[in-house]
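Encoded as structure tokens, the structure appears first; notes follow it.
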């Protein structure tokens, strides 16, 4: 039965059509049979009418009825199986649910990732980077090389912390805000202990499922992003992105 039938509304059109055709065929067959029987008795024309009904009309109409019943009950069976499948999905644990999802089916494709290109954007000032409209609603900046491989993933808070720490240490605010992305990266790489944004990423192959992506993310300290490459190697061009919020959303039961 359709949603309309289940909710007390008008019966499903296909159901009404199926029943209507069956009722019409049965009624028509009986009417023709009775008519031919009366004609045979009244006009003494032998048994020419009855064989026409039994040998021609009944097999034809039987085929139609069979087709309609197959459609009607096939539809019902499909809906029953679909409902059963949804019930099974709802009973899965979060881990089982995300294990059934391929990263390729849920990832943000590479061409949809809002990102910077290091070779093109390394001369941009931090103040300008923080004011890029596309990043206003995002907490992290993905930075790629020209060949599509990942360079860095930087949290917005790292940019603001860099600015505030330098101002606190006596550098003029205008000078700090004019720091370029290249200078910011250079300073980070030359710290005694490189910041987490340089290494806080994970990679999985295109064949992985969402549970494997979560496991890869959990294995890296402060990691919130998993990048998909062909074989799961960071030296390969990125195919897509899975974030921690995406994993959380898909694990809901």
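Screening residue 249 on (1) under 20 Å from the mean Cα position of the chain (by Cα); (2) touching a residue at least 24 places away in the same chain (Cβ under 8 Å) shows it passes everything except condition (2).
Looking only at region 211-226, residues that are surrounded by fewer than 17 Cβ atoms within 10 Å (Cβ to Cβ) and either closer than 26 Å to residue 122 by Cα or modelled with pLDDT under 90 (or both) come to 2 in all. If you go through region 191-210 and keep only what is in a helix (DSSP H, G or I) and either surrounded by fewer than 20 Cβ atoms within 10 Å (Cβ to Cβ) or without any contact (Cβ under 8 Å) to a residue 40 or more places away in the chain (or both), you end up with 196, 198. Filtering region 151-175 to residues that are under 21 Å from residue 136 (Cβ atoms) and surrounded by 15 or more Cβ atoms within 10 Å (Cβ to Cβ) leaves 152, 153, 154, 155, 156, 158, 159, 162, 163. Please work out if residue 220 is without any contact (Cβ under 8 Å) to a residue 24 or more places away in the chain and assigned to a loop (DSSP other than H, G, I, E, B). Yes; evaluated as a whole, the condition is true for this residue. The residues of region 223-238 that are in contact with a helix residue (DSSP H, G or I) (Cβ under 6 Å, 6 or more places away or on another chain) and part of a loop (DSSP other than H, G, I, E, B), listed by number, are 223, 224, 238.
The values are calculated or read from the model by the stated rules, or taken from the named source; none is laboratory data. Keep in mind it's a predicted model, so treat the numbers as computed, not measured. Because the Cβ atoms are built from the backbone with ideal geometry, glycine has one as well, and the counts that use them run over all protein chains shown.
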